[in-house]
Amino acid sequence: NAGVTQTPKFQVLKTGQSMTLQCAQDMNHEYMSWYRQDPGMGLRLIHYSVGAGITDQGEVPNGYNVSRSTTEDFPLRLLSAAPSQTSVYFCASSSDSLYAYYEQYFGPGTRLTVT
Amino acid sequence: AQSVTQLGSHVSVSEGALVLLRCNYSSSVPPYLFWYVQYPNQGLQLLLKYTSAATLVKGINGFEAEFKKSETSFHLTKPSAHMSDAAEYFCAVSERTAGANSKLTFGKGITLSVRP
């Protein structure tokens, strides 16, 4: 199993550009989520999904859009990039969201810089 | 609402010394607690988790943590630090919120440095 994969690893955008961060998992996990990691702030939840066709907002959803058309894929779209979105983005998956004790598996991250 | 406090942002120990990373939590219901580790330029991986069974939890790489309800703490320890333990460590809490799915809330993280 490849686990959770993310592409690209690095990306530089200009303010106002849009892009999609890709995330895929091959563990047949129902629950997938996106976090951003900023220095001194830990990881903050952007959006999450409990299954294909079902998504919801996390703590910091503004400026981001998600959809979940398949169990495997959970792309994150930046609609109009801003410098405040410079961050490291992690995708994670878990076998179940209803039981809070399940481990989340993280991808290697995408480092995004917005100039 | 749930929250996690990790005091300090950086801990430095000598190789072979005790590692102690502190975590305090706030939760309105009995929590599930986790420690994740992030090695440089990698994603997070689970070290250990507390799910209301034994209060002393053993994890990978010789780490363990003790759940103390009276102190609302879940401190991470390792008796003898190794150079390979240098990483960032995150404490996290999860609870099932009424009518919704569980969410994981992370602390700000602590960077552990190990001196030769």
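The values are calculated or read from the model by the stated rules, or taken from the named source; none is laboratory data. Bear in mind that the values here come from a model prediction, so they are computed numbers and not experimental data. All Cβ positions, even for glycine, are placed from backbone atoms using ideal geometry, and neighbour counts span all protein chains on display. To get the accessible areas, we keep the full protein, side chains included, count just its heavy atoms, and leave off ligands, DNA and RNA. Shrake-Rupley method; radii C 1.70, N 1.55, O 1.52, S 1.80 Å.
Based on C-alpha coordinates, I'd like the Rg and Dmax of chain A, in Å.
13.3, 40
Hey, what do the phi angles of the stretch B:66-71 turn into as Karplus ³J(HN,Hα) couplings, whole Hz, using 6.51/-1.76/1.60 and θ = phi - 60°, x for Gly and Pro?
Calculated HN-Hα couplings, in order: 10, 7, 10, 5, 5, 9 Hz.
Taking the Cβ-Cβ separation of B:Lys69 and B:Ser28 as r and a Förster radius of 22 Å, what is the calculated FRET efficiency to the nearest 0.05? Each step should come with its number before you reach the end.
On the way: r = 14 Å, r/R0 = 0.62.
Calculated value: 0.95.
Give me the distance in nm between label points sitting 7 Å out from Cα along the Cα-to-Cβ direction at A:Thr115 and A:Ser80, one decimal.
About 2.2 nm separates the two model spin labels.
Label 7 Å along Cα→Cβ of A:Asn65; the stretch A:15-39 residues with amide nitrogen under 14 Å?
It comes to A:17-21, nothing else.
Got a number for the accessible area of B:Thr5? Probe 1.4 Å, square angstrom, nearest 10.
Surface open to solvent at B:Thr5 totals about 70 Å².
Give the total of Lys-Lys pairs in chain B with Cα-Cα distances below 17 Å; include a pair only if its members are 8 or more places apart or on different chains. Spell out each step's value before the answer.
Details: B:Lys49/B:Lys58; B:Lys49/B:Lys68; B:Lys49/B:Lys69; B:Lys49/B:Lys78; B:Lys49/B:Lys103; B:Lys58/B:Lys68; B:Lys58/B:Lys78.
Step by step, the pairs that qualify in chain B add up to 7.
Explain nothing, just the number: dipole magnitude of chain B about its Cα centre with +1 on each Lys and Arg Cβ and -1 on each Asp and Glu Cβ, in debye rounded to the nearest 20. Could you put the intermediate results ahead of the total?
On the way: 10 positive and 7 negative charges, 42 e Å.
Result for chain B is approximately 200 debye, rounded to the nearest 20.
Relative contact order for the stretch B:1-84: what percent, with Cα pairs under 8 Å and sequence separation of 6 or more?
33 percent
What average number of partner chain Cβ atoms lie no more than 10 Å from the Cβ of the residues making up A:40-49? Working shown, then result.
Working: counts 3, 4, 11, 11, 2, 4, 0, 0, 4, 1.
Per-residue shielding by partner chains comes out at 4.
Only loop residues by DSSP count here, and only those with at most 15 other Cβ atoms within 10 Å; note down the trypsin sites (Lys or Arg not before Pro) in the stretch A:1-73 that meet that.
On the way: sites: A:Lys9, A:Lys14, A:Arg36, A:Arg44, A:Arg68; in loops: A:Lys9, A:Lys14, A:Arg68.
In loop regions of the stretch A:1-73 (DSSP not H, G, I, E or B), the sparsely surrounded trypsin sites (Lys or Arg not before Pro) are A:Lys9, A:Lys14.
Please report the accessible area of B:Arg115 (heavy atoms, 1.4 Å probe, ligands and nucleic acids excluded) in Å², nearest 10.
Approximately 110 Å² of B:Arg115 is accessible to the 1.4 Å probe.
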